[in-house]
Ligand SMILES: CC(C)(COP(=O)(O)OP(=O)(O)OC[C@H]1O[C@@H](n2cnc3c(N)ncnc32)[C@H](O)[C@@H]1OP(=O)(O)O)[C@@H](O)C(=O)NCCC(=O)NCCS
């Protein structure tokens, strides 16, 4: 009988050449390129194409892809109509899953998928563009629809990050905020075989449509043990309130074995390299705004320091979600939309894995260790 490993810890579920991490050194690479270099030098558009195609594009290839993304931002009015009937109090990730799944009804064609080497790359690429381009529009649309306003239409003259911010607040995007958003999208675009990417691969292995693949992944990202943690982090920091409250708050939480959101990772046994970069960007932003770090960031810094004393022996350090939320908050994005922004970026990674797997697909069908009763006879209800 095979050994059962809860959470599939350490069990390889795929073979992939998209990204790699070293959890002891705190290193992450996409297609071999360190995340730090990509965050500094690349754009979300270029990184998405790198993930999809496996190599850095030429200037012409990038221009073509960028134009494809810009040309695919508009979402059919039917999707807005669907949104109008969803409860404004519902979670944006549930809306996003609904909207992306519904897109599949407008763009059929998945019958061309064969799960073999002769995959229809045009279909795969075109659907990837459709999804990545529309993710941002849908997330921003919801912000307005749920508040009773018409959505702000996307603008073709802005890059992906600028347009995302513009669609949220209707203002000309601040260059520093747009660059930070761009870098954050890069940092969130891919992360090996985590829970949501695994969900994407499982759905993709049945040769289902890419819209259902991404919808499965969105549903999996939403939970607070995964991407949903970024919302919880800001709620937690607001509850703590000020740096001087950190230590007593932390002691109480740890005494009742509660989670410290944004801390810990299955793979990293040191600080997540993405958290280091996001923290630096947050500091740069606050310095550019006059140097006051603000209570939320100060509280986060104090909490990270206190956690290091208490949780480092368990290999628990800040992860990507620890600093992303406070950055998004500075951009005027409401906390329950933080995970949606994560999903916008991660759609590139999910689709890269979907494409990679399609080249040599086999349906996921693991086994289980049965721990129930052995075979027994049915007892009529009158005799129980
Ligand atoms: C990410 C996470 C789900 C990984 O889970 P995992 O690999 O199954 O790790 P475990 O739950 O087995 O944790 C190992 C130990 O560290 C502790 N630990 C892990 N994360 C912790 C956290 N955020 N707060 C407090 N303790 C934590 C566990 O309690 C456990 O301690 P024990 O050995 O004394 O029982 C987990 O760290 C977590 O829940 N973090 C908070 C949610 C979060 O930020 N998620 C985003 C991840 S990017």
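Conditions tested, residue by residue: (1) closer than 17 Å to residue 140 by Cβ; (2) at pLDDT 95 or above; (3) not assigned by TED's automatic domain parsing to the domain that holds residue 192.
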site: 338; (1), (2), (3): yes, yes, no
site: 343; (1), (2), (3): yes, yes, no
site: 348; (1), (2), (3): no, yes, no
site: 364; (1), (2), (3): no, yes, yes
site: 378; (1), (2), (3): no, yes, yes
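Kindly indicate whether residue 241 is exposed (fewer than 14 other Cβ atoms within 10 Å of the Cβ) and modelled with pLDDT under 95. Judged against the criteria, residue 241 is not a match. Residues in the stretch 55-68 that are touching a residue at least 24 places away in the same chain (Cβ under 8 Å) and either under 18 Å from residue 151 (Cβ atoms) or surrounded by fewer than 15 Cβ atoms within 10 Å (Cβ to Cβ) (or both): 55 alone.
What are the residues in the stretch 214-231 that are within 15 Å of the ligand (Cβ to nearest atom), without any contact (Cβ under 8 Å) to a residue 40 or more places away in the chain and surrounded by 15 or more Cβ atoms within 10 Å (Cβ to Cβ), if any? 220, 224, 226 - these are the residues of the stretch 214-231 that are within 15 Å of the ligand (Cβ to nearest atom), without any contact (Cβ under 8 Å) to a residue 40 or more places away in the chain and surrounded by 15 or more Cβ atoms within 10 Å (Cβ to Cβ).
Out of curiosity, is residue 195 farther than 19 Å from residue 19 by Cβ, under 11 Å from the mean Cα position of the chain (by Cα) and within 13 Å of the ligand (Cβ to nearest atom)?
No: the conditions fail for residue 195.
Looking at 311, 327, just one residue is out of contact with any helix residue (DSSP H, G or I) (no Cβ under 7 Å at 6 or more places or on another chain) and closer than 30 Å to residue 270 by Cβ, and that residue is 311. Taken together, 264, 294 contain a single residue that is surrounded by 17 or more Cβ atoms within 10 Å (Cβ to Cβ) and within 30 Å of residue 189 (Cβ to Cβ), which is 264.
The helices (runs of 4 or more DSSP H) found entirely in the stretch 1-95 that carry 1 or more residues being within 16 Å of the ligand (Cβ to nearest atom) are 35-41. When 192, 197 are checked against the criterion of being over 25 Å from residue 73 (Cβ atoms) and either touching a residue at least 60 places away in the same chain (Cβ under 8 Å) or in the same structural domain as residue 41 (by TED's automatic domain parsing) (or both), a single residue qualifies: 192.
Taking the criterion of being surrounded by 24 or more Cβ atoms within 10 Å (Cβ to Cβ) and over 10 Å from the mean Cα position of the chain (by Cα), the residues of the stretch 338-359 that qualify are 351, 352, 353, 354.
Listed by position, the helices (runs of 4 or more DSSP H) enclosed by the stretch 172-251 that each have at least 2 residues that are farther than 24 Å from residue 12 by Cβ are 175-188, 210-221, 229-240. The helices (runs of 4 or more DSSP H) located wholly in the stretch 289-384 that include 3 or more residues which are away from the ligand (no atom under 16 Å from the Cβ), in contact (Cβ under 8 Å) with a residue 40 or more places away in the chain and over 30 Å from residue 255 (Cβ atoms) occupy 338-358.
What are the residues in the stretch 241-285 that are within 14 Å of the ligand (Cβ to nearest atom) and within 19 Å of residue 334 (Cα to Cα), if any? Selection gives 261, 262, 278.
The values are calculated or read from the model by the stated rules, or taken from the named source; none is laboratory data. Every value quoted in this text rests on a predicted model; they were computed, and no experiment measured them. Every residue, glycine among them, receives a Cβ derived from its backbone with ideal geometry; neighbour counts consider all protein chains shown.
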